[in-house]
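Data block below; observations after.
The values are calculated or read from the model by the stated rules, or taken from the named source; none is laboratory data. All figures in this text were calculated on a predicted structure; none of them were measured in a lab. In this analysis, Cβ positions are derived from the backbone assuming ideal geometry, glycine residues included, and neighbour counts consider all displayed protein chains.
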Amino acid sequence: MSQPTKKNISTLVLGAIGVVYGDIGTSPLYAMKETFAGHHPLAVVEGNILGVLSVMFWTIMVLVSVKYVAVIMRADNRGEGGSLALLALVSELTRESKRLRWVITLLGVFAAALFYGDSMITPAISVLSAVEGLNIVAPELGKFVMPISAVVLTGLFFIQKHGTGVVGMAFGPIMVAWFGILAVLGVQSIVHTPHVLAALNPAYAFHFITADFLRAFFALGSVVLAVTGGEALYTDMGHFGRFPIRLTWFGFVLPALVLNYFGQGALLLQEPKAIENPFFLLAPEWGQMPMVILATAATVIASQAVISGAFSVARQSVQMGFLPRMEIKQTSDREQGQIYVPFTNWTLYLAVMGLVIGFGSSSNLAAAYGIAVTGTMTIDTILIAFVIVLSWRWPWPLALLAVGGFLVVDLAYFLANAIKIPHGGWFPVVMGILSFTVLTTWRRGRRLLTTEMARQKVPLEALIEGCEDVPNRAFGTAVFMTSVGEGAPSSMLHNLKHNQVMHERNILLTVITEDRPYVPAAERVTVVDLGKRFFRVTVKYGFMQEPNVPAALEMCAPYGLTFDMMSTSFFVSRETVIPSLKPGMALWRERLFCAMSRNAMSATDFFKIPTNRVVEMGTQVEI
């Protein structure tokens, strides 16, 4: 592999700044304000200011710099990151233990479910907190904060179907300007009160926590807002690579964030009343309106990154068998990662609008924010423990120190956020539980369906042996789509039963999604000659790849199989699932699975099969 050029590195660096850090980069808008003026307010005095800053700084260093950037980013699944990629990696490491693999799968799926809850809150709280700057600049415009936020978010969701390639080109420069101004405003304030830098000493954090543990524990629920989005560094690793993300984090983003937080602390040491909105009050009066505009642009970018992440998780969930087939549109002919998932987009939009209208302000939403992030971070720590022990084989003392240290911090923040459940934290929990139920119900239902279909299979060998007795032979090739590797496909049996005909050449085609992001083209297809003009073709894709059956069939030419689409017919079995009292799932889950099955995208569209070459054969199956 050729070494990346300086031009490539600079492009990746700019792209990483524009995409990866939107969420954590907009946290200064509300993190400090909510810690002192949120649901559990602190007195704005020097001891608390320095203590909170010290806790905030060391939390960023431990959870983001050490845990994600230094450790977890080493655990890439063939270049890809994120909870589902980590789940696939750990599942492979624990394949010998079915029970352990089952527990790990549940953890990974729940992390993905929590992400959906987080992706609903992030756009709402980010855009609201930016537009709320109008309360400082022009208080008479405060009544327009909610309508303006709703309009901005509506526009953002409506442009998704057009792709984000053009808008994305502007993301990098805007976020470079954003972080640059964060740093400048912070330095400007620190210069007037350099004493604030004493908070770099962890002794201040220790004293803040031990002096009044209960008060400090409540404060952690807001301090964690400073690291929301830290997990995105790992999630987006597949798009930009380790080096550009690490370079931009340590060389630019981390210093800018720390300087701005300390600048806000310095301002509060001078003017405690600035707690009304320390972020916007850092700026000179003439610069506050431009800061509102720039902050709104930055929060739109942060929201875009989360929406794109939700699309990516939806595609991975479909490919890994946790969601039914759904429409996934490629919005760029150059970038594989730029996709649009209509169902996910409009589900998120309705949820975000509900949050903006229902909660009304970023302060109210702050209570709902954090529990999904800390839950995901805790699960990531548990999953990375398996990689540390089973793959990297760290010495036990070092492994226990690292995992134990991360878990203590993660659980402290998770529990601190758990007490906010009655005040709004219930929303991401409910969304996570609903998403988890949907994901696991589909996975379980598909397995029950596959088992039942396999039970009804007729041995393929017997069918091949008796094919010479079939009176009629149709011209061309028949491709029978089957998800089960053994036995004769039900569509073949139905065709034989009702039409009493077989084609000159018969292909049994199975598409498999593997527990890795990408399957190389050289490994895409395998062909087995079953004799008497019957062939079994297996097509393999990674969970980040888009299936394309016609393209895959073209790759069978080296095996002696060539296809003319005009003389090829595709037979697809469409199962109508009927709930029953058979052992398997609760009846309500079976009904949910049936509803999802009825609304799933057709295999014809999902696998990009020409619609005029498809014959659908229906069958009823009880699960």
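Under 9 Å between Cβ atoms, at least 6 apart or on separate chains: pull out the pairs that start in the stretch 521-532 with a residue that is more than 16 Å from residue 479 (Cβ to Cβ) and end on any residue that is modelled with pLDDT under 90 and aliphatic (A, V, I, L, M).
531/464; 532/464
Scan the stretch 590-608 for residues that are out of contact with any Pro (no Cβ under 9 Å at 6 or more places or on another chain) and surrounded by 18 or more Cβ atoms within 10 Å (Cβ to Cβ) and jot them down.
Selection gives 592, 603.
Scan the stretch 519-564 residue by residue and report those that are surrounded by 17 or more Cβ atoms within 10 Å (Cβ to Cβ) and of a type in the set (Ser, Thr, Tyr).
Answer for the stretch 519-564, where residues must be surrounded by 17 or more Cβ atoms within 10 Å (Cβ to Cβ) and of a type in the set (Ser, Thr, Tyr): just 541.
Can you name the number of the only condition in (1) surrounded by fewer than 24 Cβ atoms within 10 Å (Cβ to Cβ); (2) within 23 Å of the chain's Cα centre (by Cα) that residue 67 fails?
The single condition residue 67 does not satisfy is (1).
Condition (residue is buried (at least 20 other Cβ atoms within 10 Å of the Cβ), β-branched (Val, Ile, Thr), out of contact with any Cys (no Cβ under 8 Å at 6 or more places or on another chain) and not in a loop (DSSP other than H, G, I, E, B)) applied to the stretch 264-286: is it met by at least one residue?
Yes, the stretch 264-286 has at least one match.
List the number of the failed condition for residue 143; all other conditions in (1) surrounded by fewer than 24 Cβ atoms within 10 Å (Cβ to Cβ); (2) of a type in the set (D, E, K, R); (3) closer than 23 Å to residue 61 by Cβ hold.
Only one criterion is unmet by residue 143, namely (3).
Go through the stretch 448-472 and give me each residue that's surrounded by 14 or more Cβ atoms within 10 Å (Cβ to Cβ) and among the charged types (D, E, K, R).
Scanning the stretch 448-472 gives 452, 457.
Could you check how many residues of the stretch 347-384 are within 21 Å of residue 402 (Cβ to Cβ) and either not hydroxyl-bearing (Ser, Thr, Tyr) or not in a helix (DSSP H, G or I) (or both)?
The number of residues fulfilling the criteria is 8.
Taking the stretch 473-485 as the search range and keeping residues that are at pLDDT below 80 and closer than 24 Å to residue 595 by Cβ, which one is surrounded by the fewest Cβ atoms within 10 Å (Cβ to Cβ)?
Only one residue tops the list, namely 484.
Looking only at the stretch 4-63, which residues are assigned by TED's automatic domain parsing to the domain that holds residue 223, of a type in the set (Ser, Thr, Tyr), under 28 Å from the mean Cα position of the chain (by Cα) and assigned to a helix (DSSP H, G or I)?
Those that are assigned by TED's automatic domain parsing to the domain that holds residue 223, of a type in the set (Ser, Thr, Tyr), under 28 Å from the mean Cα position of the chain (by Cα) and assigned to a helix (DSSP H, G or I): 27, 35, 59.
For the stretch 390-421, which residues satisfy the criterion of being in a helix (DSSP H, G or I), farther than 26 Å from residue 92 by Cβ, of a type in the set (Val, Ile, Thr) and in contact with a helix residue (DSSP H, G or I) (Cβ under 8 Å, 6 or more places away or on another chain)?
409, 421
Filtering the stretch 76-88 down to residues that are in contact with a Ser or Thr (Cβ under 8 Å, 6 or more places away or on another chain) and of a type in the set (A, V, I, L, M, F, W, C), which residue is surrounded by the fewest Cβ atoms within 10 Å (Cβ to Cβ)?
Filtering first and then ranking leaves 87.
Out of all the residues in the stretch 549-566, which are among the charged types (D, E, K, R) and not in a helix (DSSP H, G or I)?
564
Take the stretch 376-404 and flag every residue that is in contact with a Gly (Cβ under 9 Å, 6 or more places away or on another chain), within 12 Å of residue 67 (Cβ to Cβ) and among the β-branched types (Val, Ile, Thr).
Within the stretch 376-404, no residue meets the criteria.
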